[in-house]
Amino acid sequence: MELIMDPAIAFRVQPHERPSLEVRVNFGMYAGRNATAAEIDDLARTLRTELPAFSIVAEERHQFGDDVETALHQVVIEVDHQNAAALSDVACERVVETANRWAAACIASRSELGELGTAI
């Protein structure tokens with residue numbers, strides 16, 4: 001008899017070390033949408049000049065509480081401890097500035113918000 005084990009759809013993630021550098025971009029607050037795959041690729045190409053290795057997570061997060069429901073469209077840049085250890089505070093600030101410029105350009109290029117899209 002052959003035993004087939006399908007991968008679980010949902011599973012608990014074991015506790016792990018958080019990224020040493022984490023930059024959150026509140027993309028949806030200004031854009032009113034998720035970042036596209038092409039926009040994420042553009043961000044990655046730009047960050048390659050600043051970071052040796054990193055992850056980008058584009059997420060749609062829903063939070064629920066007493067009388068509050070929130071939906072967020074965020075982009076998160078994560079650098080693990082090994083790669084972040086060599087980064088200076090100035091380099092970390094450049095990553096934040098790069099993320100700001102990227103988000104502003106994405107929003108301005110496809111924004112229907114008028115002046116709000118260029119106010120970042």
Residue ID - modelled with the lowest pLDDT, chosen from residues in region 45-71 that are of a type in the set (Gly, Ala, Ser) and touching a strand residue (DSSP E or B) at 6+ places or on another chain (Cβ under 6 Å):
ALA71
Answer yes or no: is there a residue in region 31-38 that is at positive phi and outside any helix (DSSP H, G or I).
yes
Take the residues in region 75-85 that are over 14 Å from ALA44 (Cα atoms) and within 18 Å of the chain's Cα centre (by Cα), then tell me which one is surrounded by the fewest Cβ atoms within 10 Å (Cβ to Cβ).
HIS81
Of all residues in region 75-120 being in a loop (DSSP other than H, G, I, E, B) and under 12 Å from PHE54 (Cβ atoms), the one that is modelled with the lowest pLDDT:
LEU87
Any residue that is out of contact with any His (no Cβ under 6 Å at 6 or more places or on another chain) and more than 21 Å from ARG18 (Cβ to Cβ) - is there at least one of those in region 77-89?
no
Qualifying position, being touching a residue at least 60 places away in the same chain (Cβ under 8 Å) and out of contact with any Gly (no Cβ under 7 Å at 6 or more places or on another chain), among ASP66, ASP80
ASP80
SER88: surrounded by fewer than 17 Cβ atoms within 10 Å (Cβ to Cβ), among the polar types (S, T, N, Q) and more than 15 Å from VAL25 (Cβ to Cβ), yes or no?
yes
Within the set of pairs 6+ apart or on separate chains, which have a first residue in region 26-40 that is closer than 9 Å to ALA58 by Cα, a second that is surrounded by fewer than 21 Cβ atoms within 10 Å (Cβ to Cβ) and basic (Lys, Arg), and C-beta atoms under 7 Å apart?
none
Restricting attention to region 35-74, report how many residues are surrounded by 12 or more Cβ atoms within 10 Å (Cβ to Cβ) and of a type in the set (Val, Ile, Thr).
5
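The values are calculated or read from the model by the stated rules, or taken from the named source; none is laboratory data. Nothing here was measured: the structure is a model prediction, and the numbers come from that model. Don't worry about glycine lacking a Cβ; one is built from the backbone with ideal geometry, like all the others, and counts go over all protein chains shown.
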